[in-house]
Amino acid sequence: MSRKFKYADLLDDDVFKLVFGQESSKDVMIEFLNRVITDRNIVDLDFMDKEMHPMDRNRKSSVYDMFCHTDDGSRIVVEVQRRKQSTYAERAIYYSTFQVSRQIEAGSGDYDFCPVYVISILDFDMDQNRGNQNVRTVYRLHEDETGALLTDRLTFIFLELSKFKKREEDLDGDILEGMYFCFKNMSSLQDRPEALGHDVFKKMFQASELLNMDEETRSKVIEKMTTERDLRNQMAYARKEAIEEGLAEGRERGLAEGRERGLAEGRAEGRAEGSLEKAREIARNLKDMGMSVEDIAEIVGLNADEVEAL
């Protein structure tokens, strides 16, 4: 086992389920939900089947990262998403439809249903929240002019971890902020920070420690973390090279066409051309790793046909 990793990455789907989705760690999940959902107090919950099939077999099914019922009947879907998706908000809405429709019995004239929450833990900025620096945003159905709430039965909560900037020395014991920190940094830590002394963090770190996992799970998790780290390094290097190439071309064009116009146009074109070539290079490497065409297209910003043709 590589000594570079002591703890597993909480943003990995399998690790998230291991730390938050087991009966033995139910209190960790309850603590997290009570910090994120502020309009009710969750005392107990039951973990449910995460795969949802539509009534019409020809329509798309869905597999959640986690799905649970609370003691008051509320349905909660939790999804962890690392890669940016332009239609992620629509995806969250689609998830909610299963939990609404499954509560309405066929032929019943009563459309009453228990509250449904979709919680998304995201490692990217949503376009819909551009300019909003809050990590946690909550969406419900409101009337445009008056702001009147249509129903409190449908809630979408987005946690954009990229907006959480606190470092270890900035932590002050706040449990939700401590969880944000762990989501972002767990795999790079070697010890539990002193500020994270609450029992919930002790359980999180114990469950995340690689040495506490069985050999098969540990090997799988380390392999995925290594691949993710290599991918991030490739993307960071590609961005750096594209910017440098863009600046170089901008300077050359500036000598020929005039400094102001040349630098502006050269930088833009250089970045675009450099980024495209680097995106193709990363896509080729990811194909060699066996990643699906759809996932590659989403990561590098090419369309699926372009990736397929590489």
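The values are calculated or read from the model by the stated rules, or taken from the named source; none is laboratory data. Please read these numbers as outputs of a predicted model, since none were measured by experiment. Cβ atoms come from the backbone with ideal geometry, glycine included; neighbour counts cover every protein chain shown.
The table for this structure:
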{"quantity": "Residue list for the stretch 160-179, filter: surrounded by 12 or more Cβ atoms within 10 Å (Cβ to Cβ), farther than 19 Å from residue 200 by Cα and not hydroxyl-bearing (Ser, Thr, Tyr)", "calculated": "160, 161, 163, 164, 166"}
{"quantity": "Filter pass, residue 155 being within 29 Å of residue 73 (Cα to Cα), hydroxyl-bearing (Ser, Thr, Tyr) and at pLDDT 95 or above", "calculated": "yes"}
{"quantity": "Among the candidates 147, 197, 131, residue that is assigned to a loop (DSSP other than H, G, I, E, B), within 30 Å of residue 103 (Cα to Cα), of a type in the set (Gly, Ala, Ser) and assigned by TED's automatic domain parsing to the domain that holds residue 92", "calculated": "147"}
{"quantity": "Residue ID - nearest to residue 16 (Cα to Cα), chosen from residues in the stretch 176-191 that are touching a residue at least 12 places away in the same chain (Cβ under 8 Å) and among the small types (Gly, Ala, Ser)", "calculated": "187"}
{"quantity": "Lone qualifier among 112, 9, 46, 72 - being modelled with pLDDT of 85 or more, touching a His at 6+ places or on another chain (Cβ under 6 Å) and not in a helix (DSSP H, G or I)", "calculated": "46"}
{"quantity": "Boolean, residue 199 is over 16 Å from the mean Cα position of the chain (by Cα) and loosely packed, with under 13 Cβ neighbours inside 10 Å", "calculated": "yes"}
